[in-house]
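Read the figures in this text as sums done on the coordinates, not as results from a lab. The model shown is predicted, which means the values in this text are computed figures rather than measured ones. Reconstructed Cβ throughout: ideal geometry from the backbone, glycine too, with neighbour counts over all protein chains shown.
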2 protein chains.
Amino acid sequence: MTAHSSGPQPRPSGGGDKRERILDAAERVFAEHGFYNAKVSEIARHARVADGTIYLYFKSKDDLLISLFESRMERVCADLEAAVSAVSGAQAKLQAFVRCYLEMVHRNPKVAEVLTIELRQSSKFMKEYSNPRFADLLKIVAQVVADGQKCGELVDGIPAPVAARMVFGLLDELALAWLLGRGEKFDIVRAADWVGALILRGLERRSVP
Amino acid sequence: MTAHSSGPQPRPSGGGDKRERILDAAERVFAEHGFYNAKVSEIARHARVADGTIYLYFKSKDDLLISLFESRMERVCADLEAAVSAVSGAQAKLQAFVRCYLEMVHRNPKVAEVLTIELRQSSKFMKEYSNPRFADLLKIVAQVVADGQKCGELVDGIPAPVAARMVFGLLDELALAWLLGRGEKFDIVRAADWVGALILRGLERRSVP
């Protein structure tokens, strides 16, 4: 995710509430119908604004999706940051990150569905958007891993940014499996222990080889 | 991925070559333009068939994508199965799986791009298709983990199907990062060692606690 974002649309003044209403409506409509089938007119109806009003705030449906992503990811990163800061030690911080992430998926499946499934349906998002918020999320994990490696709590053979990618991939796939797997539902909050077991054991430095 | 596939289209007799040509062309066109922007007429042109011929073999563009996925995943699973069978012991098998998977991504970035990025742009694929091939891939890993747990080589706290999901998620995210990350390219084949380090250490049973 390397190219440049086209930048935010200038916002009409005093329209904070309306913008939020449109984002909330988009979240519901994207989760219900999917990004490609979602109609801007239905989003407008849910937000109680005229169709044209949406284009005062967002250039296109892709831009609306990206703005929704940025708004939700800001909260997600703040929550993850808080969870990680509340404990000390790299292993405790990693476990806190994992638990916080999976609890958010469990608590807000509609948001998780947009972040995990609908976003990937936008070619623009996948291939053109630079995605600073996702970089922020990865940085939280990479920093914990780098600090843990530095102080000798974690093994240092795996580059911290790659370890962060792996941790995210693992959480993202479990979230996806849980969100889609209507038949074979497992307990996503309980899964935090399994993820924790795998990555903490995988990354901890051991005195006995 | 739980709902039913709509089933394969009956194939015109003697058209095996033509069908393969269409799949090869679709692979190129999807990877180049993305699933949503890909035009069936361009796929037809690359395959050297009339536009209408494509609909003798595939019901829709979604069906073409799903058939392409099934065809490529059949090969992918066969290669992974062979890599895993060639060695003994759960840890060696897991390492062989990881290496084989990442080498395939490196060797066939166009196929990997369709499997990792374009597929997810089809709502039909994500939400309606039962995806037996992907289940096959997960089963290869789950079986290795279950066998390793049974014989005491691997720790048994993590359910084997969940461990398989985690291993896949980790590989899929690294593949995605590598395919999209034109700026920050890392060595995807070298990454097999890092993935191996994380999951083997994470899953192995230790005599010393």
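Given the Cα atoms of the stretch B:99-175, and with Rh set as the inverse mean 1/r over their pairs in the Kirkwood sense, what is Rg to Rh to two decimals? Before the final figure, lay out the partial values.
Working: Rg = 14.3 Å, Rh = 13.8 Å.
That ratio equals 1.03.
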*For the stretch B:12-58, taking Cα atoms only, what is the radius of gyration to one decimal and the Dmax to the nearest whole Å?*
10.1, 31
*Along Cα→Cβ at 7 Å, what distances in nm separate the residue A:206 label point from those on the other copies, shortest first?*
0.5
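Pop the C-beta distance of residue B:88 and residue B:185 into the FRET formula with R0 = 30 Å and round what comes out to the nearest 0.05. Walk me through the intermediate numbers first.
Values: r = 34 Å, r/R0 = 1.15.
It comes out at approximately 0.30.
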*With +1 on each Lys and Arg Cβ and -1 on each Asp and Glu Cβ, and nothing else charged, work out how big the dipole of the stretch B:63-203 is about its Cα centre, in Debye to the nearest 20.*
140
*Using Cα atoms only, what is the angle between the long axis of helix B:90-107 and the major principal axis of chain B, expressed in degrees (0 to 90) to the nearest 10?*
30
_Suppose only helical runs count, i.e. DSSP H with n ≥ 4. What mean residue ellipticity at 222 nm does that imply for chain A under -39500 (n - 2.57) per run, divided by all residues and rounded to the nearest 500 deg cm²/dmol?_
-21500 deg cm²/dmol
*Virtual spin-label span in nm between residue B:59 and residue B:127, 7 Å along Cα→Cβ*: 1.7
*In nm, one decimal, shortest first: how far is the label point of residue A:107 (7 Å from Cα along Cα to beta carbon) from the matching points in the other copies?*
4.6
*What is the magnitude of the charge dipole of the protein assembly as shown about its Cα centre, with +1 placed on the Cβ of each Lys and Arg, -1 on the Cβ of each Asp and Glu, and no other charges, expressed in debye to the nearest 20?*
400
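Past 29 Å, Cα to Cα, is the threshold; run A:139/B:127; A:127/B:61; A:127/B:139; A:61/B:39; B:93/B:185; A:185/B:150 against it and keep the listed order.
On the way: A:139/B:127 31 Å; A:127/B:61 21 Å; A:127/B:139 31 Å; A:61/B:39 21 Å; B:93/B:185 27 Å; A:185/B:150 24 Å.
The answer is A:139/B:127; A:127/B:139.
Evaluate Rg over Rh across the protein assembly as shown, taking Cα atoms for both radii and Kirkwood's formula for Rh.
Details: Rg = 22.2 Å, Rh = 22.7 Å.
Rg/Rh: 0.98.
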*asked:* Under the convention of a label 7 Å out along Cα→Cβ, give the distances in nm from residue B:88 to the same position in every other copy, shortest first.
replied: 5.0
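Using a 10 Å cut-off around each Cβ, can you sort A:53, B:116 from fewest to most neighbouring Cβ atoms?
Fewest-to-most ranking of A:53, B:116: A:53, B:116.
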*Along principal axes, Cα extents of the stretch B:63-203, largest first, whole Å*: 43, 35, 26
